[in-house]
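The values are calculated or read from the model by the stated rules, or taken from the named source; none is laboratory data. Given the structure is predicted, the values throughout are model-derived calculations rather than measurements. We place every Cβ from the backbone using ideal geometry, glycine too, and count neighbours over all the protein chains shown. Note: accessible area is taken over every heavy atom of the protein model, side chains too, but ligands, DNA and RNA are not part of it. Shrake-Rupley method; radii C 1.70, N 1.55, O 1.52, S 1.80 Å.
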Amino acid sequence: MDEERKNAQRELTSKLVETVDELERLLQGHEGPDRPAEDPRDDVFWSSLGSLESVVEAKARLLSELLELVLPTAKLLARPIRSFDKVSDPARVQALEALFGSMPTRERAAPWLDLPAVCLLGDKVPSDMSRARPEDGGIIQARELFLLMDGRLAWVESVGTWRIEDQRLLSDTTIVRACEVTPVEVMRESNLMLLLVFLRDLLRDNHPALAGQHVPELAERRERFDALVTDLGRAMEEHVVHLRRVGDSPA
């Protein structure tokens, strides 16, 4: 029995020594005996992904500058984010909130939801309304991008129900998720063209929000906006030319 314990102890000691040796080799940058050498093509792959991320970051910097240009007009349209919810029947909203649980309740507690903002992307229009018949009803799923008046951006997700009563569309929605995001995060998943169209609309002379209002340097802001977008268009044209060549050259 003593001999068995000694053999087991020697085996354990040997494994510990091998483990320590392997750790030392890893720390020193050496490969272990059973560890395959890294494929140099992996570095090329990750480097290429880094280039794609650089494009996203460049678009994000442009977006940040464009948002600064439209903020003076946006302030004339801004209202608290919570007010964008549709409520025709408070009891229905309460029932929805009870159904969705505690996590959305915490999301709805974000204090910045009470701050003025404008919606840049998304809406709460039911996507299935085109197929609706009289007295029909359905669900609403919305994901909206908001610009707060201090320049912050936020995604707000809402769910709810809609119904038609007496040829009127009635809906009730509640926030289920709300999170602040960076311009880079927005650019990773948003349609830049749609954003540009909406933002430029805020700078037109006949915008309803400008009636009787004065926006400092409006003409200069619009000119700068157009110049930035023109430069972006030229850069993207060159980018597209290179993209079209991808795959044409031999491997």
Original post:
Within the range 132-161, which residues are open to solvent by less than 30 Å² (accessible area, probe 1.4 Å) and of a type in the set (Asp, Glu)?
Top reply: GLU144
**OP:** Filter the range 164-185 down to residues that are part of a strand (DSSP E or B) and more than 25 Å from MET103 (Cα to Cα), then give me how many there are.
**Re:** 5
Subject >> Index of the failed condition, VAL93 passing every other in (1) crowded, with 17+ Cβ neighbours inside 10 Å; (2) under 20 Å from the mean Cα position of the chain (by Cα); (3) of a type in the set (A, V, I, L, M); (4) farther than 24 Å from ASP201 by Cβ >> reply: (2)
**OP:** Select, from LEU12, LEU69, the only residue that is modelled with pLDDT of 90 or more and farther than 30 Å from LEU170 by Cα.
**Re:** LEU69
Subject >> Residue count, the range 192-206 (criterion: open to solvent by 70 Å² or more (accessible area, probe 1.4 Å) and under 19 Å from GLU57 (Cα atoms)) >> reply: 2
Original post:
Which of the following residues is at pLDDT 90 or above and open to solvent by 80 Å² or more (accessible area, probe 1.4 Å): LYS75, LYS59?
Top reply: LYS75
Original post:
Counting just the residues of the range 207-243 that are open to solvent by 100 Å² or more (accessible area, probe 1.4 Å), more than 29 Å from the chain's Cα centre (by Cα) and at pLDDT 85 or above, which one comes out farthest from LYS75 (Cα to Cα)?
Top reply: GLU220
Original post:
Which condition number in (1) on the phi < 0 side of the Ramachandran plot; (2) in contact (Cβ under 8 Å) with a residue 40 or more places away in the chain is the one that ALA98 fails?
Top reply: (2)
**OP:** Kindly indicate which of MET103, MET129 is surrounded by fewer than 11 Cβ atoms within 10 Å (Cβ to Cβ) and at negative phi.
**Re:** MET103
